[in-house]
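Heads up, the thing below is written out as structure tokens.
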Amino acid sequence: KMSVIDLRTIMIEDSDARSPVFLSSAPGFDPSFQIDDVAKKMGKKYEAIAIGSTEGYDLSLKAMDRAAKAGSWVVIKNVHLACSWLSEKVEGYFGKLKQSPEFRLFLVSEFNEKLPATLLRQSVKVNFELPDGIRANVVRSLSNLFQDEKFNAGPTERGRIYFQATWLHAVIMERLRYTPIGWSKAYEFSEADLRCSVEIVDQLLEKPGTPTEHLPALRSIVCNNIYGGKIDNEFDLKILKSLVDQYISADFFSKSHSMIRDGDQEILPNFSAQTREEYLNWVQSLKIEESPVWAGLPATAEEVLKKQKLEALTRKLLTIQDVNEEEIESIKDDEDTGHAGQVRWLKSLTERCNTYLSLLPKDLPLLTRNEVLIRNPLFRFLEREVTVCHHLLRRVRKNL
């Protein structure tokens, strides 16, 4: 879990251009913007290509060839969709490139167990995951996304609007953990949505008028375009609109307005702050244990989610059983054998193991060496085989 500063350190300290940089992330988190930030800070140019068609494969290889000669960067996205192409083409092609010391290859992927192990071992690997909880999400966004000079610039309401947009984003992302309770399905929300919201805030604040006068326009864009553009369920759209109206509101400029309420009960009171550091310190100082109520969900949402996971696990467990055997639910007392309450397929397995144990020899003696036999190559060969079989037999009998 790395920040822009950490990624930039890799670019500077690890100057070996022979190592690709592999950025892997959980679904719903796009780390590409990290490369964009680092490239701007280091004054580097890069070409980005998204894998998804045969043309993308050819363009990627050609871009690697151009960048290796020019000393620029290449970013290939969605490589988890082309694992076989990575192992068949990219590994060998990358090794043959005549590379400039400034050349860098970035591979962006979601977590996928089919990614080629050889390429991963050759690469500098950076993992990105969404933090659990609203508090952790807000802390990371305030730490990585904003600079003091931008956050603290006037007018004074700018920082508060930034913070409310950040808190709204954290709530939206936290509800993804409770799918299908928080949202009807897992939408591809990401940190890029928050970055878009921040850019819209900057554009609106440059226009004439007070900051609060621009909040309706900000709510409309955030609800209908930035986040709403990814939602295809009418009920989810209503939830989004409710959250946007709740958090992007002029009410939060008043300290008497609660940050989080559960009916008539105040869960988290509002606060006042001026600088990014003050906002960050307030979030980090929160000692209240988070609950689903923070994300606008019932307090029992966590319990319901665990129950759903348990039911899904049970279904998977049942599917791995042999169709010809009793299901694990069919537990029946067997008075004849005295194994009360034992699962029938487990008793059958025990009988099979006992059969194998009765058929296998109890031990395989090792061959005895002497000075004459040890000179015979045939004896040495047989001794090795017998020794291997001796240890294997002991292991098999122990497992049975």
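Evaluate the range 281-293: report whether one residue or more is without any contact (Cβ under 8 Å) to a residue 40 or more places away in the chain, part of a loop (DSSP other than H, G, I, E, B) and of a type in the set (Lys, Arg).
Within the range 281-293, one or more residues are without any contact (Cβ under 8 Å) to a residue 40 or more places away in the chain, part of a loop (DSSP other than H, G, I, E, B) and of a type in the set (Lys, Arg).
Those residues that are in a loop (DSSP other than H, G, I, E, B) and in contact (Cβ under 8 Å) with a residue 12 or more places away in the chain, I need them from the range 366-396; list them, please.
Pass one, the range 366-396, residues in a loop (DSSP other than H, G, I, E, B): 366-372, 376.
If the condition is that a residue be in a loop (DSSP other than H, G, I, E, B) and in contact (Cβ under 8 Å) with a residue 12 or more places away in the chain, then LEU366, LEU367, ARG369 are the ones that fit.
Since ARG175 meets every condition but one in (1) open to solvent by less than 40 Å² (accessible area, probe 1.4 Å); (2) among the basic types (Lys, Arg); (3) more than 30 Å from ASP36 (Cα to Cα), which condition does it not meet?
So ARG175 meets the others, but not (3).
Which condition breaks for ALA299 when tested against (1) more than 16 Å from ILE181 (Cβ to Cβ); (2) modelled with pLDDT under 85; (3) in a loop (DSSP other than H, G, I, E, B)?
With respect to (1) more than 16 Å from ILE181 (Cβ to Cβ); (2) modelled with pLDDT under 85; (3) in a loop (DSSP other than H, G, I, E, B), ALA299 is out only on (1).
Pairs under 6 Å by beta carbon, first residue assigned to a helix (DSSP H, G or I) in the range 30-44, partner among the charged types (D, E, K, R), six or more apart or different chains?
Listed pairs, sorted by first residue: VAL38/ARG8.
Cβ-Cβ distance below 6 Å, separation of 6 or more or different chains: which pairs start in the range 168-190 with a residue that is more than 15 Å from GLU129 (Cα to Cα) and end on one that is charged (D, E, K, R)?
GLY182/ARG175; TRP183/ARG175; TRP183/ASP236; SER184/ASP236; TYR187/LYS230
Testing ALA186 on (1) open to solvent by 30 Å² or more (accessible area, probe 1.4 Å); (2) more than 26 Å from the chain's Cα centre (by Cα), one condition comes back false. Which one is that?
With (1) open to solvent by 30 Å² or more (accessible area, probe 1.4 Å); (2) more than 26 Å from the chain's Cα centre (by Cα) applied to ALA186, the lone miss is (2).
Output the residues belonging to the range 121-167 that are of a type in the set (Phe, Trp, Tyr) and in a helix (DSSP H, G or I).
Of the range 121-167, the ones of a type in the set (Phe, Trp, Tyr) are 128, 146, 151, 162-163, 167.
Listed by number, the residues that qualify are PHE151, TYR162, PHE163, TRP167.
Does the range 192-209 contain at least one residue that is open to solvent by 40 Å² or more (accessible area, probe 1.4 Å) and hydrophobic (A, V, I, L, M, F, W, C)?
Scanning the range 192-209 turns up at least one residue that is open to solvent by 40 Å² or more (accessible area, probe 1.4 Å) and hydrophobic (A, V, I, L, M, F, W, C).
Those residues that are of a type in the set (Gly, Ala, Ser) and farther than 22 Å from VAL304 by Cβ, I need them from the range 133-191; list them, please.
ALA136, SER141, SER143, ALA153, GLY154, GLY159, ALA165, SER190
Which one of the conditions (1) surrounded by fewer than 15 Cβ atoms within 10 Å (Cβ to Cβ); (2) touching a helix residue (DSSP H, G or I) at 6+ places or on another chain (Cβ under 9 Å); (3) within 19 Å of THR156 (Cα to Cα) does LEU218 fail to meet, given that it meets all the rest?
(1)
Listed here are the residues, each with its yes/no results for (1) open to solvent by 20 Å² or more (accessible area, probe 1.4 Å); (2) in a loop (DSSP other than H, G, I, E, B); (3) modelled with pLDDT of 80 or more; (4) in contact with a strand residue (DSSP E or B) (Cβ under 8 Å, 6 or more places away or on another chain).
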| position | (1), (2), (3), (4) |
| --- | --- |
| ALA48 | yes, no, yes, yes |
| GLY52 | yes, yes, no, no |
| GLY56 | no, no, no, yes |
| SER60 | no, no, yes, yes |
| ALA63 | no, no, yes, yes |
| ARG66 | yes, no, yes, yes |
| VAL74 | no, no, yes, yes |
| HIS80 | yes, no, yes, yes |
| GLU88 | yes, no, no, no |
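Which of (1) of a type in the set (D, E, K, R); (2) closer than 28 Å to VAL21 by Cα; (3) buried (at least 16 other Cβ atoms within 10 Å of the Cβ) is the odd one out, the single condition ARG160 does not satisfy?
Against the list (1) of a type in the set (D, E, K, R); (2) closer than 28 Å to VAL21 by Cα; (3) buried (at least 16 other Cβ atoms within 10 Å of the Cβ), ARG160 comes up short only on (2).
Of all residues in the range 261-275, how many are open to solvent by 90 Å² or more (accessible area, probe 1.4 Å) and of a type in the set (S, T, N, Q)?
Residues in the range 261-275 being open to solvent by 90 Å² or more (accessible area, probe 1.4 Å) and of a type in the set (S, T, N, Q): 2 in total.
Do we have ARG8 as assigned to a helix (DSSP H, G or I), over 20 Å from the mean Cα position of the chain (by Cα) and modelled with pLDDT under 75 here? Give the steps one after another, and end with the answer.
Working: assigned to a helix (DSSP H, G or I): yes; over 20 Å from the mean Cα position of the chain (by Cα): yes; modelled with pLDDT under 75: yes.
Considered against the rule, which asks whether it is assigned to a helix (DSSP H, G or I), over 20 Å from the mean Cα position of the chain (by Cα) and modelled with pLDDT under 75, ARG8 comes out as yes.
When the range 251-278 is examined, which residues are found to be over 30 Å from ALA186 (Cα atoms) and in a helix (DSSP H, G or I)?
ASP251, PHE253, ARG276, GLU277, GLU278
The values are calculated or read from the model by the stated rules, or taken from the named source; none is laboratory data. Bear in mind the structure is a predicted one, so any value in this text is a computation, not a measurement. For neighbour counting, all protein chains shown are included, and Cβ atoms are generated from backbone atoms with ideal geometry for every residue, glycine included. Note: areas computed on protein heavy atoms with side chains; ligands, DNA, RNA excluded. Shrake-Rupley method; radii C 1.70, N 1.55, O 1.52, S 1.80 Å.
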